[in-house]
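Student: Dumping the structure here so I can ask a few things about it.
The values are calculated or read from the model by the stated rules, or taken from the named source; none is laboratory data. As the structure is a prediction and not an experimental result, all values here were calculated from the model. Ideal geometry is used to build each Cβ from the backbone, glycine not excepted, and the neighbour counts take in all protein chains shown.
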Amino acid sequence: MGETRRVVLAEDDEDIRTLVTRTLDGEFEVEAFESGTACWERLESGPPPDVLLLDVMLPGTDGLDLYDRVQADDRLSTVSVVFLTGRDESDLVAAVGEEVDYVAKPFSPSELRERLRALTG
């Protein structure tokens, strides 16, 4: 088996954090944070993850601001970002751009796992 693939998750809903962590367990190493601020502190100080899963609406620093910070940081700008959102796709595209990757809530755990497999090879 290959190298462990790392996922950093920023999601304020405890049930969704648990669902994502359990869904990816055994295939991905998941670090989960309940606020955008805590997630950003991890991104600044730790190794870049393979994938960043971001809820759009987070306490502290929201997912859109986190995305902008990641894109502006040379060390993190190549990290794959997937939004987890209950918002309308057009709102997300308007805020981030056409290239946005997202999974709509509620989501299928198997769909999320397959999407991350595709991103991480």
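Student: Given the residues Asp73, Asp68, Asp91, which is the only one that is modelled with pLDDT under 90, surrounded by fewer than 17 Cβ atoms within 10 Å (Cβ to Cβ) and not basic (Lys, Arg)?
Tutor: Asp91
Student: Here's something else I'd like to know. Mind checking which residues of the stretch 6-37 are outside any loop (DSSP other than H, G, I, E, B) and among the charged types (D, E, K, R)? Before the answer, list the steps.
Tutor: Going residue by residue through the stretch 6-37, those that are outside any loop (DSSP other than H, G, I, E, B) are 6-10, 14-24, 28-33, 36-37.
Once the filter is applied, which keeps residues that are outside any loop (DSSP other than H, G, I, E, B) and among the charged types (D, E, K, R), the stretch 6-37 yields Arg6, Glu14, Asp15, Arg17, Arg22, Glu29, Glu31.
Student: Out of Val51, Val56, I need the residue that is in contact with a strand residue (DSSP E or B) (Cβ under 9 Å, 6 or more places away or on another chain) and either within 22 Å of Gly121 (Cα to Cα) or charged (D, E, K, R) (or both). Which one?
Tutor: Only one candidate qualifies: Val51.
Student: Moving on. Testing Ser80 on (1) out of contact with any Ser or Thr (no Cβ under 6 Å at 6 or more places or on another chain); (2) modelled with pLDDT of 90 or more; (3) of a type in the set (Ser, Thr, Tyr); (4) buried (at least 17 other Cβ atoms within 10 Å of the Cβ), one condition comes back false. Which one is that?
Tutor: (4)
Student: Which residue is nearest to Ala104 (Cα to Cα), if the candidates are limited to the stretch 41-60 and must be at pLDDT 95 or above and surrounded by fewer than 21 Cβ atoms within 10 Å (Cβ to Cβ)?
Tutor: The selected residue is Asp50.
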